[in-house]
Amino acid sequence: MTQRDTLVHLFAGGCGGTVGAILTCPLEVVKTRLQSSSVTLYISEVQLNTMAGASVNRVVSPGPLHCLKVILEKEGPRSLFRGLGPNLVGVAPSRAIYFAAYSNCKEKLNGVFDPDSTQVHMISAAMA
């Protein structure tokens, strides 16, 4: 593998990691909000009963779509990409290095095992 091929793999891995982080960032924000938010903010199942007074019928845990709707209404679309910068600082270089290392290992192991066999892919992934 030439130095040019390694640079191409580094660039491709970095671009792939960047695109992946950008596309999944809104999902990560929703997941984090669901994990860290208080359930009382999302209780919508309150019923008034004239006999017993106000009571909570059941506590409904918020779903991802409900959380997404609340985030968009209260904070706007830009808030779905909070934390993207620090995430990119870690993801882009690590994906670039992984992709280049995987390709280099795969090329070297193709001479040892059957080319493009399961062993080549598994060992290359483990070494990368």
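The values are calculated or read from the model by the stated rules, or taken from the named source; none is laboratory data. The model shown is predicted, which means the values in this text are computed figures rather than measured ones. Quick reminder, even Gly has a Cβ in these numbers, built from the backbone with ideal geometry, and neighbours come from all protein chains shown. These accessible areas exclude ligands, DNA and RNA; they are computed on the full protein's heavy atoms, side chains included. Shrake-Rupley method; radii C 1.70, N 1.55, O 1.52, S 1.80 Å.
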Filter result for P26 (surrounded by 11 or more Cβ atoms within 10 Å (Cβ to Cβ), at pLDDT 95 or above and more than 22 Å from V8 (Cα to Cα)): yes
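Identify all residues within the stretch 47-76 that are at pLDDT 60 or above and open to solvent by 90 Å² or more (accessible area, probe 1.4 Å); write none if there are none.
Selection gives L65, K69, E73, K74.
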Among the candidates V120, V91, V112, residue that is part of a helix (DSSP H, G or I) and over 18 Å from the mean Cα position of the chain (by Cα): V120
Every residue from the stretch 89-105 that is more than 15 Å from F11 (Cβ to Cβ) and either touching a residue at least 40 places away in the same chain (Cβ under 8 Å) or surrounded by 15 or more Cβ atoms within 10 Å (Cβ to Cβ) (or both): C105
